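So the structure is just underneath, and the comments pick up after that.
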Amino acid sequence: MNRRHLLLSAAAIGAALSAPLSHAQDAPIRLVVPYAPGGPLDVTARALAERVRDTLGVVVVDNKAGAGGNIGADLIAKSAPDGHTIGIAATATHAVNPWLYNRMPYDAAKDFAGITQMVRVPNVLVVNAARAEQLKINTLQDLIAYAKANPAKLNYGSGGNGSAGHLAGEMFKQKAGIFALHIPYRGASPAQLALLAGEVDFNIDNLAAAAPNIKSGKLKALAVTSLEASPMLPGVPPLSQTFKGFAIDTWWGLVAPAGTPKPVIAKLNKAFTEALKAPETKTRFSALMAEPVATTPEQFDAFMAAERAKYQQVVKASGAKVD
């Protein structure tokens, strides 16, 4: 091989090594999940990681839990913008925490580039079924009427100050013009156990978590918090039917560090949105009461910005602070 061919070969090898995300056989993609293994975010991330293997190569899920998701999100923000580290952005990390925490290690508005939304899960207002029967509460209107006729007699639980259940509960109270005492628990599971035990009267919980107890008859669903009725809970009206525009969903999606080249974002978007649209994905996600949502990067960025603006008002009205 002559000198010219050697130089051309060396240049080609260098270009291949330096081009981010150039082949499915590149170094594995690290997908950071800012929560513990086993939850819905982790399960859906792993499901998609499997489905994009043929187009993107190996995707390794890396759980980095802590500080309400801030530790993992900060890791994503501070990674090299080459497409080899991406991660999950969720309601908490990219819409609620910026207003809930006095000090944030990252800027949710500037430190990330959206890839695609992944999932939407409605929350549901549930009451203890036995308590509902005792108080003759069969509909949302019955609950509101009881609260107005019996001031300060109702309470509700949540997974903690600033949690989705807390903020949705405060928004509901404000819209309905009622008072109910908020009782925070150390996580969504203890809050649900408290509702089942009759320690609290109602919760606004994630549908995926509440569904088994709704099906068993232990909890009664009065309304969903999505803008439209959920096909996963037929016959249960949305709160927006009573309070126009009321919408608090749980959502998450994929982001990369800010500055990741647009062609890299486009390639990631194509692979993951195709995976989200696959019938197998819809079937698998439906078991988690989760709806796959595929978007463009621009749509996801705009959606997260709108959610931050919405939650700024909700968090301020609730008075919730973590530090």
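Projecting the Cα positions of 317, 132, 290 onto the charge dipole of the chain (unit charges on Cβ atoms of Lys, Arg, Asp and Glu, taken about the Cα centre) puts 317 furthest along the positive direction. Mind running the shape call on the range 68-124? Use the C-alpha gyration tensor, a ≥ b ≥ c as the square roots of the eigenvalues: rounded below 1.5 for a/c, prolate if a/b tops b/c, oblate otherwise. Cα axes put the range 68-124 in the oblate bin.
Across the range 225-270, the convex hull enclosing all Cα atoms gives 112 Å³ per residue.
The phi-based Karplus calculation (6.51 cos²θ - 1.76 cosθ + 1.60; θ = phi - 60°) puts the 3J(HN,Hα) values of the range 210-215 at 7, 3, x, 7, 5, 5 Hz, whole numbers, x for Gly and Pro.
Couplings for the range 145-156, taken from phi via the Karplus curve 6.51 cos²θ - 1.76 cosθ + 1.60 with θ = phi - 60°, read 4, 5, 4, 6, 7, 10, x, 6, 9, 9, 9, 9 Hz in order; Gly and Pro are left as x. Proximity of backbone amide H atoms, modeled 1.01 Å from N, is registered between residue 112 and 258 at under 5 Å, excluding neighbours fewer than 5 places apart on the same chain. Among beta bridges identified by DSSP and lying wholly in the chain, the antiparallel ones come to about 60 percent.
Couplings for the range 172-182, taken from phi via the Karplus curve 6.51 cos²θ - 1.76 cosθ + 1.60 with θ = phi - 60°, read 4, 4, 5, 5, 7, x, 10, 10, 8, 5, 7 Hz in order; Gly and Pro are left as x.
Only Cα pairs under 8 Å and 6+ residues apart enter the sum, and on that basis the relative contact order of the chain stands at 25 percent. By the Kirkwood approach, averaging reciprocal distances over each pair of separate Cα atoms, the range 35-158 gets a hydrodynamic radius of 17.9 Å. Roll a 1.4 angstrom probe over the protein heavy atoms and tell me the percent of accessible area of the chain that is carbon or sulfur. Carbon and sulfur together cover 57 percent of it. The residue 141 and residue 181 beta-carbon pair, evaluated with R₀ = 22 Å, returns a calculated FRET efficiency of approximately 0.55. Helix-only mean residue ellipticity at 222 nm, the chain, DSSP H runs n ≥ 4 weighted -39,500 (n - 2.57), per residue, nearest 500. What is it? That comes out to -13000 deg cm²/dmol. For the peptides 71-78, 305-312, the ranking by packing is 71-78, 305-312, with the highest mean count of neighbouring Cβ atoms within 10 Å listed first.
Scanning residues 5 or more positions from residue 250 or on other chains, those with amide H under 5 Å from its amide H are 121, 123, with H placed 1.01 Å from N in the peptide plane. Packing order of peptides 266-277, 84-95, highest average first: 84-95, 266-277 (average count of other Cβ atoms within 10 Å over each peptide's residues). Protection proxy ranking for 240-252, 108-120, 132-144, using the average of other Cβ atoms within 10 Å per residue and placing the highest first: 108-120, 240-252, 132-144. Please state, to two decimals, what the Cα-based radius of gyration of the chain comes to when divided by 2.2 N^0.38 Å (N = residues). After normalising by residue count via 2.2 N^0.38 Å, the value is 1.12.
Per residue, the chain exposes an accessible area of 46 Å² to a 1.4 Å probe, with every protein chain left in place.
Classified by the C-alpha gyration tensor, the range 203-323 has an oblate form. Its axis ratio a/c, with a ≥ b ≥ c, is 1.5 or above, and a/b does not exceed b/c. Between 0 and 90 degrees, the angle of helix 297-318 with respect to the longest Cα principal axis of the chain falls at about 30 degrees.
In whole Å, what is the distance between the alpha-carbon centres of the range 123-174 and the range 235-302? A separation of 29 Å, based on Cα centres. Treating r as the C-beta distance of residue 174 and residue 270 and R0 as 56 Å, the FRET efficiency rounds to 0.85. Amide H contacts for residue 63 (H built 1.01 Å from N in the peptide plane; partners 5 or more residues away or on another chain; cut-off under 5 Å): 33.
The values are calculated or read from the model by the stated rules, or taken from the named source; none is laboratory data. Computed from a prediction, not measured in an experiment: that's the story for all the values here. With ideal geometry, Cβ positions are generated from the backbone for all residues, glycine too; neighbour counts draw on all protein chains shown. Ligands, DNA and RNA are excluded from the accessible area calculation, which covers all protein heavy atoms including side chains. Shrake-Rupley method; radii C 1.70, N 1.55, O 1.52, S 1.80 Å.
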